[in-house]
Amino acid sequence: MNTITRYVMVLLLFMLNINTANAENRFFFHHNPPIEFPRDEAAHDGIAEWWYWTGNVQDDEGNTYGFQLTFFNMASFFGFSTLSTHVAITDLSTGRHHHSENFQFFHRPNKRRLNIASRIGSAERFPDGRYEISGDAEGIEYRFTLNDIKGAILHDDDGIVSIGAHAGTGYYYSRPRMDVQGTIKKGGVTANVNGSTWMDHVWGHFVPIFIKGWDWFSIQLDDNSEIMFWIFRRDEENPYDIELAYGTYIDSDGNASKLSQEQVDVNVLDWWQGQETNGLYPQNWTMSIPHLGFSANINATLPEQEMPNALWNYWEGLISIDGTKAGNEINGKGYVELSGYSGGWFQ
């Protein structure tokens, strides 16, 4: 993205912030209809909205891949928006992270059902509840069929959450465990794969440029339970300067319970510096949740999983988990997102 385009987008977001920041609280506290499916899987009017799929799959030879598909729908008003698509593949067999980005101005979002398409990625939900997603990361292509296993989880009970302490309020739900079946095409060779993914959907009239940075964890444990924990920071570079943090624990039967900042302890073990942006990112953590008897190491499967892009550089990476829960050994996989460690917006 060239410098002129960056400044135009900054100006547009600044104008939207002025016009909507004061109205944001009125919207959510006086007109906050409950989330309804499948209606609310489609696009909404608002300043910001995103859909995320992050997961892991294995081919018949035992090779493991992490994958990401993200759609950022920004400034959606009067039937148009700006759509940014991010696609990534982490190939553990080669130790490489492949990523692509696409911008589409004057995008017409589908507000009736989930059906998004860009030059490098697509996502669609069908009436039978099945999802199909596809992505192209630097020539490595994937096509997956997804089936939900646990159902949708509304965070903070009703799905209405604070997006940091100052940006405002938004809707947030996850589908924390979805079965994945499909193919990956690499170097002209197509391989069948299977695995699991986590889906996130966030939207609302919150103002993203008021967020300094966040650390987001999605964890799928091998006892069929899941953990989401979202840390918002006051300081762009200090993971311990926390302004707000919360999460959700989902047990093996799909029952969700809230996690507060005081109930979860996260410590950084290492750091890694991105070669493209010079951003310094935390790498490898310990997480403990005493009331669940959970204590684990969270390890990046590959340090080079940065996502340089035109809006806000971030790190999005496949992780592995090993530790104990209720006195038993436990393992798992998941994804971590680290934003704000490589400067602010449009840097």
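Quick note: the coordinates plus some simple rules give every number you see, no bench work behind them. What you are looking at is a predicted structure, and each value in this text was computed from that prediction instead of being measured. Cβ sites come from the backbone with ideal geometry, for glycine too, and all protein chains shown count toward neighbours.
Points worth noting:
- Counting only DSSP H runs of at least 4 residues, each contributing -39500 (n - 2.57), and dividing by the residue count of the chain, the helix-based mean residue ellipticity at 222 nm comes to -3000 deg cm²/dmol.
- Those residues of the stretch 311-329 whose amide nitrogen sits under 18 Å from the label point placed on Asp251, 7 Å along Cα→Cβ: 325-328
- Loop-resident sites, the stretch 213-286, for chymotrypsin sites (Phe, Trp or Tyr not before Pro), counting at most 12 other Cβ within 10 Å (DSSP): Tyr240
- A Gaussian network model of the chain, with springs between Cα atoms under 10 Å, assigns the largest mean-square fluctuation among Ala256, Ala191, Ala75 to Ala191.
- Here the alpha carbons of the chain define both size measures, Rg and Dmax, at 19.0, 57 Å.
- Cα centroid of the stretch 183-200 to Cα centroid of the stretch 162-180, whole Å: 25 Å
- Computed over the chain with a Gaussian network model linking Cα atoms closer than 10 Å, the most mobile of Pro239, Pro34, Pro127 is Pro127.
- Distance from the alpha carbon centroid of the stretch 241-258 to that of the stretch 291-347 works out to 16 angstrom.
- Under-5 Å amide H pairs with Leu114, H placed in peptide plane, nonlocal only: Ala42, Arg125
- Amide H within-cut-off set for Leu244, under 5 Å, with H built and near neighbours excluded: Phe232
- Contact order relative to length of the chain, as percent, for alpha carbon pairs under 8 angstrom and 6 or more apart: 13 percent
- Those lysines that a straight Cα-Cα span of less than 27 Å connects to Lys111, excepting residues fewer than 8 apart in one chain: Lys150
- Among Asn278, Asn73, Asn313, the residue with the largest mean-square fluctuation in a Gaussian network model of the chain, with springs joining Cα atoms closer than 10 Å, is Asn278.
- In this structure, Phe126 and Glu276 have a Cβ-Cβ separation that, at R0 = 25 Å, corresponds to a calculated FRET efficiency of about 0.10.
- Derived scalar couplings between HN and Hα for the stretch 319-328 equal 10, 10, 10, 9, x, 10, 9, 6, x, 10 Hz in order, rounded to whole Hz, by the Karplus curve 6.51 cos²θ - 1.76 cosθ + 1.60 (θ = phi - 60°), x for Gly and Pro.
- With θ taken as phi - 60° and the Karplus curve 6.51 cos²θ - 1.76 cosθ + 1.60 applied, the whole-hertz 3J(HN,Hα) list for the stretch 70-77 is 9, 10, 9, 9, 10, 6, 8, 9 Hz, x standing for glycine and proline.
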